[in-house]
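First the structure, in the form of structure tokens, and then the observations on it.
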Amino acid sequence: MRRTILLANQKGGVGKSSIAAAIAVAVARRGKRVLVVDADQQGNCTIRDLGVRDSDEGRSLAMTLQYGTPLEPIRKVRDGLDVVCGGKHMAMAGTVVSSAEQTGINPLQNLHGALENLVTTEGYDLVLIDSGPGDRAVLDLLLQIVSWLIVPTKEDDGSMDGAELLAHRYLWARKNGALVELMGMVLFDCNPRAVRRNEGTLGKIMELLDGTGIEPFRNFIRHDKAAAIDARAFHLTAEELIGFSPARPEGRSDDETSKRWSRDTEPLATDYQKLTKEVLVRLAAGERAKETA
Ligand SMILES: Nc1ncnc2c1ncn2[C@@H]1O[C@H](COP(=O)(O)OP(=O)(O)OP(=O)(O)O)[C@@H](O)[C@H]1O
Ligand SMILES: [Mg+2]
């Protein structure tokens, strides 16, 4: 499906949800219509990153996979941003997908049809799909649906191994007729001052991508734990945290729950802005190339 980007890495904790939420909010803030599909049973992107109220905890998405019912997003999570929720109901999705042949259910067709209907009706400019770590059956299915893949990774070996596993799933999907294209890998939670080390990590990524002609993203997401904690505590992206001060419950000036840990989220917000721009440029160029082809 056009203009549909999957964020995936077989390893957990590499920034898939954080990046999906940050790009989604950034694009919606610039007046575009965005849909986030949270395909992870943890539902982190839905609850922690975007702070969706009245989440269905993955029910609509799970029902769509199994029965082909229409997707029911939570609307206006931000202006221009709708969310198909993730959560506990997606725990069964792996079984539904992997037992499809025996049961006669066609989860791929079910999701593809429902997503296409929703995107056509709502006219989204961009669809971002966040995936969970490890669930190979669901991952393989998502790779058949999306047009683009972004692989976030940290610089440690575990995350790189996860990226490598993912690269294999990607190549397998392509071999089986999927039209998905790898848009790039992006370094997450890294030290912007460790330029040489980052280059080394990017070198490793290049080896993984050898022969595909794909460059890793030039922009990376820096380590900023305080901002990350605040982002999830207040369900705001680094960009939204700029100038945000939490309301204190009346009469309690030292309330820990309303405390903000980060002083300045602007550098992190700038990383996300630059990455968003790079993603949109690659998307536009890539979609044009696909059209001409
Ligand atoms: N800039 C940052 N610096 C340091 N830590 C961060 C930063 N941004 C987010 N984090 C933290 O890193 C952790 C992993 O991020 P995130 O949940 O986005 O990864 P994920 O790949 O979606 O994980 P999972 O596979 O479990 O869904 C979270 O605890 C998050 O709060
Ligand atoms: Mg996640």
- Message: Restricting to the range 79-115, name every residue that is of a type outside the set (S, T, N, Q) and assigned to a loop (DSSP other than H, G, I, E, B).
- Response: Asp79, Gly80, Cys85, Gly86, Gly87, Gly104, Ile105
- Item | Verdict on Lys76 being more than 25 Å from Glu164 (Cβ to Cβ), in a loop (DSSP other than H, G, I, E, B) and open to solvent by 20 Å² or more (accessible area, probe 1.4 Å) | no
- Query: Yes or no: Lys32 more than 15 Å from ligand 2 (Cβ to nearest atom), within 20 Å of Thr237 (Cβ to Cβ) and basic (Lys, Arg)?
  - Reply: yes
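Okay, residues lined up against (1) aliphatic (A, V, I, L, M); (2) closer than 19 Å to Leu236 by Cβ; (3) more than 16 Å from ligand 1 (Cβ to nearest atom):
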{"site": "Ala22", "(1), (2), (3)": "yes, yes, no"}
{"site": "Val27", "(1), (2), (3)": "yes, yes, yes"}
{"site": "Asn44", "(1), (2), (3)": "no, yes, no"}
{"site": "Arg53", "(1), (2), (3)": "no, yes, yes"}
{"site": "Ser60", "(1), (2), (3)": "no, no, yes"}
{"site": "Thr64", "(1), (2), (3)": "no, no, yes"}
{"site": "Gly68", "(1), (2), (3)": "no, no, yes"}
{"site": "Lys76", "(1), (2), (3)": "no, yes, yes"}
- Query: Only one residue in Ile47, Ile19 is open to solvent by 10 Å² or more (accessible area, probe 1.4 Å), in a helix (DSSP H, G or I) and either farther than 30 Å from Asp157 by Cα or within 12 Å of ligand 2 (Cβ to nearest atom) (or both). Which one?
  - Reply: Ile47
- So is Val119 in contact (Cβ under 8 Å) with a residue 12 or more places away in the chain, of a type in the set (A, V, I, L, M, F, W, C) and within 15 Å of ligand 1 (Cβ to nearest atom) or not? no
- Item | Positions within the range 233-242 being of a type in the set (Gly, Ala, Ser) and open to solvent by 30 Å² or more (accessible area, probe 1.4 Å), in sequence order | Ala233
- Query: Within the set of pairs 6+ apart or on separate chains, which have a first residue in the range 220-231 that is over 21 Å from Ile205 (Cβ atoms) and free of Cβ contacts under 8 Å to residues at least 60 places away in the same chain, a second that is part of a loop (DSSP other than H, G, I, E, B) and within 16 Å of ligand 2 (Cβ to nearest atom), and C-beta atoms under 6 Å apart?
  - Reply: none
- Message: Residue under question is Ser55, and the condition is that it be open to solvent by less than 40 Å² (accessible area, probe 1.4 Å), farther than 20 Å from Gly134 by Cα and without any contact (Cβ under 8 Å) to a residue 40 or more places away in the chain; does it hold?
- Response: yes
- Task: Report the residue count in the range 32-44 for those that are out of contact with any Gly (no Cβ under 7 Å at 6 or more places or on another chain) and either aromatic (Phe, Trp, Tyr) or open to solvent by 10 Å² or more (accessible area, probe 1.4 Å) (or both).
- Result: 1
- Query: Considering the range 140-161 alone, what residues qualify as being small (Gly, Ala, Ser), farther than 11 Å from Met185 by Cβ and open to solvent by less than 20 Å² (accessible area, probe 1.4 Å)?
  - Reply: Ser147
- For the range 111-130 the number of residues that are within 16 Å of ligand 2 (Cβ to nearest atom) and either over 23 Å from Val281 (Cα atoms) or at pLDDT below 95 (or both) is 0
- Identify the residue in the range 95-139 that is within 20 Å of Val151 (Cβ to Cβ) and of a type outside the set (A, V, I, L, M, F, W, C) and, among all such residues, is most open to solvent (accessible area, probe 1.4 Å). Arg136
- Could you list, in sequence order, all residues of the range 199-232 that are touching a Ser or Thr at 6+ places or on another chain (Cβ under 8 Å) and surrounded by fewer than 16 Cβ atoms within 10 Å (Cβ to Cβ)? Ala226, Ile229
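The values are calculated or read from the model by the stated rules, or taken from the named source; none is laboratory data. Everything numeric here is computed off the predicted structure, so don't read it as measured data. Reconstructed Cβ throughout: ideal geometry from the backbone, glycine too, with neighbour counts over all protein chains shown. Just the protein is used for accessible areas: all its heavy atoms, side chains included, with ligands, DNA and RNA removed. Shrake-Rupley method; radii C 1.70, N 1.55, O 1.52, S 1.80 Å.
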